[in-house]
Amino acid sequence: MVQLFRSIAESHRFQNLVTAVILIAGVIVGLETSPEIIERIGGPLHIIDKVILAIFTVEAVTKIGAEGSRPWRYFRDPWNVFDFLIVAVCYMPVAGQYVAVLRLARLLRVLKLVRALPKLQVLVGALLKSIPSMGYVALLLSLLFYVYSVAGVFIFGQNDPRHFGSLPIAMVSLFRLVTGDAWTDVMYINMFGCERFGYQDFASMCTHSTAHPTFGAIFFISFMLLGSMVILNLFIGVIMGGMEEARAENVEADRMANLQRDGAPSVEDDLNQLVDKVGDLQAELHNLRVRLRKAEGAHPEHQS
């Protein structure tokens with residue numbers, strides 16, 4: 001029975017079936033967002049959803065059964081834990097305010113597609129491996145935001161209260177700028193003053209128009225160079241490094257899996273073979289000593 005479960009779990013047809021069911025589950029969840037479609041074909045969609053849940057249940061049971069007498073090994077894989085939790089939540093008797101939890105669990109079934117496609121696993125693995133390094137880059141970016149936000153409030157707060165009226169507003173404005181969203185408009189407001197640029201629809205807010213032609217240009221251009229063109233590109237570099245590491249680990253895992261599938265000798269087998277070879281060498285040395293002694297006995301004159 002264990003061999004049957006294992007052959008089914010490793011079958012390409014079974015894996016392709018699960019992948020197709022994941023795609024269908026994603027389409028079903030998308031259709032259920034339309035009240036008109038629910039009113040017209042809500043019954044068949046509900047039946048299809050039950051069938052999808054049954055197939056995912058069979059998948060989990062098959063993989064657990066493939067582990068034989070050690071079913072807990074199934075939960076050593078984080079993706080298996082993710083799959084099992086999604087199936088378990090879908091069986092929970094939720095109602096009322098908890099229906100949203102059930103819908104979210106059904107939506108998360110689409111993420112099983114990451115498990116079905118190895119290339120997506122590499123990308124997700126790269127992102128997860130990049131989180132520690134990305135944290136340091138995010139800390140550096142936060143410091144940059146904080147310094148420029150405080151300086152912006154002190155320098156441009158009276159002239160441009162829409163973008164630098166307070167520290168939280170300034171940080172939100174700088175986040176907008178670093179994405180490249182009309183950052184030159186904010187720069188021109190502070191270079192030419194709110195009376196001359198950008199406050200036509202907010203004239204009541206422009207109470208202390210002050211132009212900063214030189215420092216305004218230096219402030220915003222330097223922020224864009226540091227924030228958008230330098231630090232944000234560090235995120236890309238960190239992710240690329242994580243992708244290379246994840247790809248190398250994936251290649252190594254495939255190599256080990258192929259060795260195990262092909263029945264490659266274990267370390268114990270290699271040691272046994274080495275011990276046998278040492279024994280053969282010892283036997284040959286013994287035979288050589290015996291022949292030498294016999295040869296010396298046959299020619300006693302050489303001993304004198």
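Across the range 21-30, the qualifying residues are those that are farther than 19 Å from residue 61 by Cβ and within 22 Å of the chain's Cα centre (by Cα), and the one among them that is surrounded by the fewest Cβ atoms within 10 Å (Cβ to Cβ) is 23. Here residue 68 meets the list (1) surrounded by 12 or more Cβ atoms within 10 Å (Cβ to Cβ); (2) assigned to a helix (DSSP H, G or I); (3) not charged (D, E, K, R) almost entirely, failing just condition (2).
Going through 32, 59, 39 one at a time, which residue ends up being touching a Leu at 6+ places or on another chain (Cβ under 7 Å) and among the charged types (D, E, K, R)?
The match here is 32.
Scanning the range 207-222 for residues that are touching a helix residue (DSSP H, G or I) at 6+ places or on another chain (Cβ under 9 Å) and free of Cβ contacts under 8 Å to residues at least 12 places away in the same chain yields a count of 2. Just to be sure before I move on: is residue 224 modelled with pLDDT of 75 or more and either within 30 Å of residue 144 (Cβ to Cβ) or in a helix (DSSP H, G or I) (or both) in the structure I sent? Answer is yes for this residue. Taking the range 128-161 as the range and being buried (at least 16 other Cβ atoms within 10 Å of the Cβ) and of a type in the set (Val, Ile, Thr) as the test, the residues that pass are 137, 153, 155.
Tallying residues that are under 15 Å from residue 23 (Cβ atoms) and either touching a His at 6+ places or on another chain (Cβ under 8 Å) or among the charged types (D, E, K, R) (or both) within the range 46-71 yields 2.
Counting only helices (runs of 4 or more DSSP H) that sit completely within the range 101-165, those holding 1 or more residues that are at pLDDT below 85 and of a type outside the set (Phe, Trp, Tyr) correspond to 112-116, 118-156. Every condition in (1) more than 12 Å from residue 162 (Cα to Cα); (2) of a type outside the set (Ser, Thr, Tyr); (3) touching an Asp or Glu at 6+ places or on another chain (Cβ under 8 Å) holds for residue 206 except the one numbered (1). Against the list (1) of a type in the set (Gly, Ala, Ser); (2) farther than 21 Å from residue 227 by Cα; (3) in contact (Cβ under 8 Å) with a residue 12 or more places away in the chain, the condition residue 204 fails is (3).
Hey, does the range 74-82 have a residue that's touching a residue at least 24 places away in the same chain (Cβ under 8 Å) and assigned to a helix (DSSP H, G or I)?
To start, the set of residues in the range 74-82 that are touching a residue at least 24 places away in the same chain (Cβ under 8 Å) comprises 79, 82.
Pick out the ones that are also assigned to a helix (DSSP H, G or I) and you get 79, 82.
Yes - at least one qualifying residue is present in the range 74-82.
The values are calculated or read from the model by the stated rules, or taken from the named source; none is laboratory data. Keep in mind that this is a model prediction, so the values were computed, not measured. Methodologically, a virtual Cβ is constructed for each residue, glycine included, from the backbone with ideal geometry; neighbour enumeration extends over all protein chains shown.
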